[in-house]
Amino acid sequence: MPDEPLITDRLAIADLFTRFALVLDEQRWDDLATIFHDDVALHSPRGGRLRGIQELADFLRRSEVEGEGTQHTHSDLLVDLNGDQAAVTANSIAYYFREGQSPHRIGGLRLTSTAARTRTGWRITEHEVRPLWIREA
């Protein structure tokens, strides 16, 4: 039984990444607060340094491309728990497509995050996106 809390925490943190992929693909920017801490720090080559959920949501809204869909997949999730904090890494592949067509762009990413246990559950407090490769069709 002593491993049960660790397993529960790991599953809750893995769910953050799954929910983030769905939020990105479905463009549900109002749901970012279920994944990220209010004061999240996000670093990416496209967005630069963003601070807070509102700044992240505004960036994602500005990044929308009319008629383009995405499908994000995360794998190789590694969670290093340390009490109420966790260091998390994952690989991600993002597919960009138009309805009914094969992807016209595919990119491989490395994600590095810090998560914290909050009164509303685990939330990502820091998130870095590092592109590894991109293929244009």
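Since every read-out is calculated from the coordinates, none of them should be taken as a lab result. Bear in mind the structure is a predicted one, so any value in this text is a computation, not a measurement. Cβ placement follows ideal geometry from the backbone for every residue including glycine, while neighbour counts extend to all protein chains displayed.
Taking the condition of being surrounded by fewer than 16 Cβ atoms within 10 Å (Cβ to Cβ), in a helix (DSSP H, G or I) and not polar (S, T, N, Q), how many residues in region 13-29 meet it? Spell out the reasoning first.
Keep residues of region 13-29 that are surrounded by fewer than 16 Cβ atoms within 10 Å (Cβ to Cβ), which gives 15, 18-19, 22, 25-28.
In the following step, the residues that additionally are in a helix (DSSP H, G or I) were identified as 15, 18-19, 22, 25-26.
Cutting the leftovers down to not polar (S, T, N, Q) gives us 15, 19, 22, 25-26.
Residues meeting the conditions: 5.
Looking only at region 74-86, count every residue that is loosely packed, with under 14 Cβ neighbours inside 10 Å and at negative phi and tell me the total. If you could, list the steps in order and put the result at the bottom.
Taking region 74-86 first, the residues loosely packed, with under 14 Cβ neighbours inside 10 Å are 75-76, 78, 80, 82-85.
With at negative phi added as a condition, the list becomes 75, 78, 80, 82, 84-85.
Final tally of qualifying residues: 6.
For region 30-52, how many residues are in a loop (DSSP other than H, G, I, E, B), exposed (fewer than 11 other Cβ atoms within 10 Å of the Cβ) and not charged (D, E, K, R)? Reasoning before the result, please.
So in region 30-52, the residues in a loop (DSSP other than H, G, I, E, B) come out as 35, 45-47, 52.
Adding the requirement that they be exposed (fewer than 11 other Cβ atoms within 10 Å of the Cβ) leaves 45-46.
Imposing the further condition that a residue be not charged (D, E, K, R) reduces the set to 45.
Total meeting the criteria: 1.
Take region 91-120 and flag every residue that is surrounded by 14 or more Cβ atoms within 10 Å (Cβ to Cβ), farther than 20 Å from residue 71 by Cβ and not hydrophobic (A, V, I, L, M, F, W, C).
112, 113, 114, 117
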